[in-house]
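*Asks:* Handing you a structure now.
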Amino acid sequence: MAPPFRTDRPALVHRLRTAGCVYAEDEADLLLAAADTPAALADLTERRVAGEPLEHLLGWAEFCGLRVAVAPGVFVPRGRTALLVDAAAAVTGPAPAVVDLCCGSGATTVALAHRLAPRWLAAADIDPAAVACARRNLAGLAAEVFEGDLFAPLPEHWRGRLDLVVANAPYVPTDAVALMPPEARLHEAPVALDGGPDGLAVLRRVADGAARWLAPGGHLAVEVSAVQADALCAAFDALGLMPSVRQDEDLDATAVIARRPG
């Protein structure tokens, strides 16, 4: 959609490309569509060149073919997490009880709501800004969104009855956070990125809780890096969960799926 004013698109593309935007032409079109005045376009351009995530500027991100609202400071859903959605949906039976932990904007929850027909669907995050964003995205989808640490805010009567627990928990080792692109480390909540000394601290806690909250035969699905998968599988084994690994080279994605025996 063309903006309601004249603009020098090639100059905008050049400026974005010079600033390091790999998909400068696509970004230029999105910024043009989002701006309704030259002043608004100038503001968006300056902020993008300064390193703000495009999704925060637009107020939305595309994920699994859906448009998901995002807000400043909230973790931006990555394309690689489509593997996690696919893997989780593939192991889940009809009418499941589903919880998405460390839900961020609720993007994974929204995608699963469209893929499954849950009898109960919930999301949880410790970050109030993420919870507010997830509630906005999940409005009208018969899903509950809880604020709190992992399983702690969930209704107790679901303990031992969940069919699927999904978590895109932080898995970047603490020392590696400083090496992340500025878009992430400067504009997303640290709690959504920092996974502790080896990157697996939060995921180990997720697995420990899942061993108690999953129903027999239920599944835990998490995202992790390829180099961490073996260590995470060992942690799952130690908790009595039965893990398997899925990878997608095109997405540069790794997911670990674990089943609670039963």
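*Asks:* In segment 201-226, which residues are open to solvent by 30 Å² or more (accessible area, probe 1.4 Å) and acidic (Asp, Glu)?
*Replies:* Asp208
*Asks:* Would you mind stating whether Pro94 is closer than 26 Å to Val177 by Cβ, without any contact (Cβ under 8 Å) to a residue 24 or more places away in the chain and out of contact with any helix residue (DSSP H, G or I) (no Cβ under 7 Å at 6 or more places or on another chain)?
*Replies:* When the stated conditions are applied, Pro94 does not pass them.
*Asks:* When you look at Ala229, is it among the small types (Gly, Ala, Ser), open to solvent by less than 10 Å² (accessible area, probe 1.4 Å) and either assigned to a strand (DSSP E or B) or at pLDDT below 95 (or both), yes or no?
*Replies:* Answer is no for this residue.
*Asks:* From the list Thr109, Thr37, exactly one residue is among the hydroxyl-bearing types (Ser, Thr, Tyr) and over 21 Å from the mean Cα position of the chain (by Cα). Which is it?
*Replies:* Thr37
Yes/no matrix, rows are residues, columns are (1) touching a strand residue (DSSP E or B) at 6+ places or on another chain (Cβ under 9 Å); (2) hydroxyl-bearing (Ser, Thr, Tyr):
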{"position": "Thr18", "(1), (2)": "no, yes"}
{"position": "Tyr23", "(1), (2)": "no, yes"}
{"position": "Asp29", "(1), (2)": "no, no"}
{"position": "Asp43", "(1), (2)": "no, no"}
{"position": "Pro53", "(1), (2)": "yes, no"}
{"position": "Leu57", "(1), (2)": "no, no"}
{"position": "Val68", "(1), (2)": "yes, no"}
{"position": "Pro72", "(1), (2)": "no, no"}
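*Asks:* Would you check which residues across segment 119-129 are open to solvent by less than 40 Å² (accessible area, probe 1.4 Å) and either among the acidic types (Asp, Glu) or farther than 27 Å from Gly196 by Cα (or both) and list them?
*Replies:* Trp120, Leu121, Asp125, Asp127
*Asks:* For the condition open to solvent by less than 70 Å² (accessible area, probe 1.4 Å) and either of a type in the set (Phe, Trp, Tyr) or under 17 Å from Thr92 (Cβ atoms) (or both), what is the one hit in Ala167, Ala184, Ala176? Spell out the reasoning first.
*Replies:* Values: Ala184 fails: either of a type in the set (Phe, Trp, Tyr) or under 17 Å from Thr92 (Cβ atoms) (or both); Ala176 fails: either of a type in the set (Phe, Trp, Tyr) or under 17 Å from Thr92 (Cβ atoms) (or both).
Exactly one of Ala167, Ala184, Ala176 is open to solvent by less than 70 Å² (accessible area, probe 1.4 Å) and either of a type in the set (Phe, Trp, Tyr) or under 17 Å from Thr92 (Cβ atoms) (or both), namely Ala167.
*Asks:* Count, please, the residues in segment 130-164 that happen to be open to solvent by 50 Å² or more (accessible area, probe 1.4 Å), assigned to a helix (DSSP H, G or I) and either among the polar types (S, T, N, Q) or touching a residue at least 12 places away in the same chain (Cβ under 8 Å) (or both).
*Replies:* The initial filter retains those residues of segment 130-164 that are open to solvent by 50 Å² or more (accessible area, probe 1.4 Å), namely 132, 135-136, 139-142, 144, 147, 149, 152, 156-157, 159, 161.
Of the ones still in play, those that are also assigned to a helix (DSSP H, G or I) are 132, 135-136, 156-157.
Of the ones still in play, those that are also either among the polar types (S, T, N, Q) or touching a residue at least 12 places away in the same chain (Cβ under 8 Å) (or both) are 132, 135-136.
Qualifying residue count, segment 130-164: 3.
*Asks:* Something else now. Can you find even one residue in segment 239-259 that is open to solvent by 30 Å² or more (accessible area, probe 1.4 Å), under 20 Å from Ala192 (Cα atoms) and assigned to a helix (DSSP H, G or I)? Walk me through how you get there before you give the answer.
*Replies:* As a first pass, look at segment 239-259 and keep what is open to solvent by 30 Å² or more (accessible area, probe 1.4 Å): 239-240, 242-252, 259.
With the extra rule that they be under 20 Å from Ala192 (Cα atoms), the set shrinks to 252.
With assigned to a helix (DSSP H, G or I) added as a condition, the list becomes none.
No, because not a single residue in segment 239-259 is open to solvent by 30 Å² or more (accessible area, probe 1.4 Å), under 20 Å from Ala192 (Cα atoms) and assigned to a helix (DSSP H, G or I).
*Asks:* A further question on this structure: If you go through segment 235-262 one residue at a time, how many are under 15 Å from Asp208 (Cα atoms) and not small (Gly, Ala, Ser)?
*Replies:* Final tally of qualifying residues: 11.
*Asks:* Sticking with this structure for a sec: Just the residues that are over 26 Å from Gly51 (Cα atoms) and not in a strand (DSSP E or B), please, taken from segment 206-226.
*Replies:* Val206, Ala207, Asp208, Gly209, Ala210, Ala211, Arg212, Trp213, Ala226
*Asks:* Another one. Hand me the list of helices (runs of 4 or more DSSP H) wholly inside segment 1-110 holding 2 or more residues that are touching a Ser or Thr at 6+ places or on another chain (Cβ under 7 Å), open to solvent by less than 50 Å² (accessible area, probe 1.4 Å) and at pLDDT 90 or above.
*Replies:* Details: elements: 9-18, 24-34, 38-49, 54-58, 82-91.
Result: 24-34, 82-91.
*Asks:* Now, a different point. Please go through segment 165-205 and pick out each residue that is part of a helix (DSSP H, G or I) and β-branched (Val, Ile, Thr).
*Replies:* Residues satisfying the conditions are Thr174, Val177, Val191, Val202.
The values are calculated or read from the model by the stated rules, or taken from the named source; none is laboratory data. Worth saying up front: this structure is predicted, and the values here are computed from it rather than measured. Quick reminder, even Gly has a Cβ in these numbers, built from the backbone with ideal geometry, and neighbours come from all protein chains shown. Remember, those area values only see protein heavy atoms, side chains included, never the ligands or the DNA or RNA. Shrake-Rupley method; radii C 1.70, N 1.55, O 1.52, S 1.80 Å.
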